[in-house]
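K.L.:
This is the structure I have questions about; it appears just below.
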Amino acid sequence: QVRLMESGGGLVQAGGSLRLSCAASGSISDARTMGWYRRPPGKVREPVAVITKIGSTRYEDSVKGRFTISRDNAQNTVYLQMNNLKPEDTAVYCCNADLGPMNEWGRGTQVTVGT
């Protein structure tokens with residue numbers, strides 16, 4: 001079983017930046033996809049960004065051009081660089097690993113964007 005631990009969240013003013021990290025306890029090189037999801041206050045979880053095994057990326061429309069997902073298989077870590085943050089980006093951000101028969105989730109890290 002691979003465990004995921006997110007870090008890098010916090011409080012930032014609108015227009016600021018944060019870099020989230022998701023460290024895996026085991027190898028992620030064979031993960032079909034690694035992704036970041038978020039759960040805004042009072043809302044359901046939604047996808048933010050996904051990166052495939054070969055490095056292809058997909059983004060939710062509202063974060064395109066502002067967020068960048070990347071993966072470092074050697075460090076078993078996935079990153080989410082978030083620039084030009086907006087108050088509507090406030091959410092708990094969770095990391096996901098699609099490992100085929102297993103689909104693992106981290107516990108999340110809180111991101112709060114002030115006006």
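K.L.:
Can you list residues from other chains, or at least 5 along the same chain, whose modelled amide H is less than 5 Å from the amide H of GLY108?
P.N.:
Excluding prolines and chain starts, which carry no amide H, the hits are GLU6, CYS95.
K.L.:
With contacts defined as alpha carbon pairs under 8 Å and 6 or more residues apart, what's the relative contact order of the chain in percent?
P.N.:
In percent, rounded to a whole number, it is 37.
K.L.:
What would the Debye equation give as log₁₀ I(q)/I(0) for the range 1-53 at q = 0.23 Å⁻¹, counting only Cα atoms as equal point scatterers?
P.N.:
The Cα Debye sum returns log10 ratios of -1.10.
K.L.:
May I pose another question? Measuring from label point to label point, each 7 Å out along Cα→Cβ, what is the ALA74 to ASP61 span in nm?
P.N.:
Label at ALA74, label at ASP61, 3.9 nm between them.
K.L.:
Related question: For THR112 paired with GLU88, estimate the spin-label separation in nm (one decimal), with each label point 7 Å from Cα along the Cα-to-Cβ line.
P.N.:
About 2.1 nm separates the two model spin labels.
K.L.:
Keeping all protein chains in position, work out how much accessible area GLU46 exposes to a 1.4 Å probe, and write it in Å² to the nearest 10.
P.N.:
Per-residue accessible area (GLU46): approximately 60 Å².
K.L.:
Follow-up. Restricting things to alpha carbons, tell me how big the chain is in terms of Rg and Dmax, in Å.
P.N.:
13.3, 42
K.L.:
How much length would be gained if the chain were fully extended between GLU46 and GLN1, taking 0.36 nm per residue of separation minus their Cα-Cα distance, in nm to one decimal?
P.N.:
Between GLU46 and GLN1, full extension yields 13.8 nm more.
K.L.:
Could you do me a favour and compute the accessible area per residue for the chain, 1.4 Å probe, result in Å²?
P.N.:
I get 53 Å² per residue for the chain.
K.L.:
Please work out the Cα center distance from the range 1-54 to the range 68-112, rounded to the nearest Å.
P.N.:
Each part's Cα centre sits 1 Å from the other's.
K.L.:
What lysines could a cross-link reach from LYS86, if we take a straight Cα to Cα line under 29 Å and drop same-chain neighbours fewer than 8 places away?
P.N.:
Within the straight-line limit of under 29 Å, LYS86 reaches these lysines: LYS43, LYS64.
K.L.:
With all protein chains present, how much of the accessible area of the chain (probe radius 1.4 Å) comes from carbon and sulfur, to the nearest whole percent?
P.N.:
Summing carbon and sulfur atoms, their accessible area is 48 percent of the total for the chain.
K.L.:
Relative to the present Cα-Cα distance, how much length would full extension add between TRP105 and ILE54 at 0.36 nm per residue of separation?
P.N.:
Between TRP105 and ILE54, full extension yields an extra 16.3 nm.
K.L.:
So if each residue of separation counts as 0.36 nm, and I subtract the Cα-Cα distance between ARG19 and ARG32, what length gain in nm does that give?
P.N.:
Result: 2.4 nm gained on full extension.
K.L.:
Further, regarding this structure: Do any cysteines of the chain lack a neighbour Cys whose Cβ is under 4.7 Å away, and which are they?
P.N.:
CYS94
The values are calculated or read from the model by the stated rules, or taken from the named source; none is laboratory data. In this text, all values refer to a predicted model and were calculated from it rather than measured experimentally. Using ideal geometry, Cβ is built from the backbone for each residue, glycine included, and neighbour counts are taken over all protein chains shown. The area values use the complete protein model at the heavy-atom level, side chains included, leaving out ligands, DNA and RNA. Shrake-Rupley method; radii C 1.70, N 1.55, O 1.52, S 1.80 Å.
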